[in-house]
Amino acid sequence: MFRRKHSQNHQENGHAEQEAKAIELRAALGPLSDRSVKYCTDACLKRYLTARNWNVDKAKKMLEETLKWRATYKPEEIRWHEVAHEGETGKVSRADFHDRSGRTVLIMRPGMQNTTCAEDNVRHLVYLIENSILNLGEGQEQMSWLIDFTGWGLSVKVPIKTARECINILQNHYPERLAVAFLFNPPRIFEAFWKVVKYFLDPITIQKVKFVYPKKEDSFELMKSFFDVDNLPNEFGGKASLMYDHEEFSRLMAQDDVKTAKFWGLDEKPSHISNGHSGAQVAPEPTLLAVPAS
């Protein structure tokens, strides 16, 4: 009983200390713009503190860099019709199921790479990260990633420079947003690419990356501990079918764009999508979500 009480007191003291650190960080940030105030929730402050081992000065520096980046990059203003052409093949999409903890799931299929513009590739990913955060459940702060390497090879790989930029954005401006990333059945040729990419990842992120091979029971069992096989697409060893419908996904993203604008207090303009063949633009023809249908 004494041990249990001691443990409970320790947890309460730790929680109180974290709350005090968050208050200290908020005070250190000083006056913020309306958007920055909305961004800097208590949960947000704690994520940055966690990323910097609860060092207030380091967390402040990191968060200030993010606020500067958001002020110039404006990720909350990216709309689906601006990046829809990147998603035509379903190379990155939000799944219509959650993991066992109720977290949003992003499905990535690098073998479906369809464009070469680094800037658009990054904007597309940032858009879907923001969208995944928008769709997090109550009390959820993190998402899970499923990465399918079917069709991946050197001819379709993302350039190292682009991969590095994506990693920098994710690590520096979306700290503690990733719960786990499962790399499903990567080919041997990926090992060389991974060795280079791994160099840019921090140790904590590396620990969240799990390699899964269908013939290795232990790695697949780990995956099943995170996902219900009835929801999991058969591309990842589950029982469901992954049907990427670009039109349906676009419809969902257009609806979410309205929610995003409302959340950030922005005036939403009517969306339109370029037809990809001329300068003309057409009314929103919805475009995709990776929809696994069982």
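The values are calculated or read from the model by the stated rules, or taken from the named source; none is laboratory data. Quick caveat, the model's predicted, so the values are computed rather than measured. Counting neighbours? That spans all protein chains shown, and the Cβs are built from the backbone with ideal geometry, glycine included. The protein model used for the area step is the full one, side chains on, heavy atoms only, and it has no ligands, DNA or RNA in it. Shrake-Rupley method; radii C 1.70, N 1.55, O 1.52, S 1.80 Å.
Worth pointing out:
- The trypsin sites (Lys or Arg not before Pro) found in segment 30-109 that occupy coil by DSSP, while having at most 14 further C-beta atoms within 10 Å, are Arg100.
- Listed residues Trp80, Trp145 arranged by accessible area, highest first, probe 1.4 Å: Trp145, Trp80
- Straight-line cross-link reach from Lys215 at under 12 Å between alpha-carbon atoms covers no aspartates and glutamates, not counting any fewer than eight positions away in the same chain.
- Restriction of the GluC sites (Glu not before Pro) in segment 68-147 to DSSP coil positions whose beta-carbon has at most 13 other beta-carbons within 10 angstrom yields Glu138.
- Rounded, prolate or oblate (a/c below 1.5 giving rounded, otherwise prolate when a/b exceeds b/c) for segment 77-264 by Cα gyration tensor: rounded
- Loop trypsin sites (Lys or Arg not before Pro), segment 169-204 (other Cβ atoms within 10 Å of the site Cβ: 13 or fewer; DSSP): Arg188
- Pairs beyond 23 Å (Cα-Cα), from Lys195/Lys216; Lys195/Lys224; Lys61/Lys210; Lys21/Lys58; Lys38/Lys262; Lys91/Lys161: Lys195/Lys224; Lys61/Lys210
- Length available on full extension from Ile160 to Ala20: 0.36 nm per residue minus the Cα-Cα distance, which gives 46.3 nm.
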